[in-house]
Amino acid sequence: MMQVAVGTTAVMASQAMAQAKVDEKDPQAVALGYLADTTKVDAKKFPKHAAAQKCSNCQLYTGKATDANGGCALFAGKLVAGNGWCSAYVKKA
Ligand code: SF4
């Protein structure tokens, strides 16, 4: 019985995490230069960034292009902003 209860708690925790947005201060987000607003990206630090680049048109975004937030292959279990950006951006084919 205990194992079932623990398993259920783990599932609930992972579901709660699935709703969590990526924190810009999260170490992985910092490492990738992730920001929730693509217009705030530092052009000096990321010269290849362009204003038209954002999570919602990135190959790694798993949400719909119109979603305000969606999943990203690099941030498992969390949501990135559709208007966000990181240095791993790959234009959707
Ligand atoms: S990989 Fe793409 S979808 Fe994921 S955070 Fe970076 S720009 Fe956004």
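Using the Cα gyration tensor of the stretch 19-93, with a ≥ b ≥ c the square roots of its eigenvalues, what is the shape: rounded (a/c below 1.5), prolate (a/b larger than b/c) or oblate (neither)?
oblate
³J(HN,Hα) across the stretch 40-51 via Karplus (A = 6.51, B = -1.76, C = 1.60, θ = phi - 60°), whole Hz, x for Gly/Pro?
9, 5, 6, 5, 6, 6, 10, x, 7, 5, 10, 4
Expressed in nm to one decimal, what extension gain is obtained for the pair Ala65 and Ala93 from 0.36 nm per residue of sequence separation less their Cα-Cα distance?
That works out to 8.8 nm of additional length.
Read phi for every residue in the stretch 83-93 and hand back ³J(HN,Hα) as whole Hz from Karplus 6.51 cos²θ - 1.76 cosθ + 1.60, θ = phi - 60°, with x for Gly and Pro.
So the Karplus estimates, Gly and Pro as x, are 8, x, 6, 8, 5, 8, 3, 10, 4, 5, 5 Hz.
In the structure displayed, which of Lys44/Lys64; Lys21/Lys54; Lys44/Lys91; Lys21/Lys48 lie more than 23 Å apart, Cα to Cα? Provide the component values of the computation, followed by the final result.
Working: Lys44/Lys64 30 Å; Lys21/Lys54 16 Å; Lys44/Lys91 21 Å; Lys21/Lys48 25 Å.
In this structure, Lys44/Lys64; Lys21/Lys48 lie more than 23 Å apart at Cα.
Would you grab the residues whose amide H sits under 5 Å from the one on Asn69? Only those 5+ places off in sequence or on another chain, please, with H modelled 1.01 Å from N.
Those lying under 5 Å, H to H, from Asn69 are Gly82.
For Lys21, enumerate residues with amide H under 5 Å from its amide H, sequence gap 5+ or separate chain, H modeled in the peptide plane.
Correct list: Leu79.
Read the figures in this text as sums done on the coordinates, not as results from a lab. None of these values were measured; they are calculated from a predicted model.
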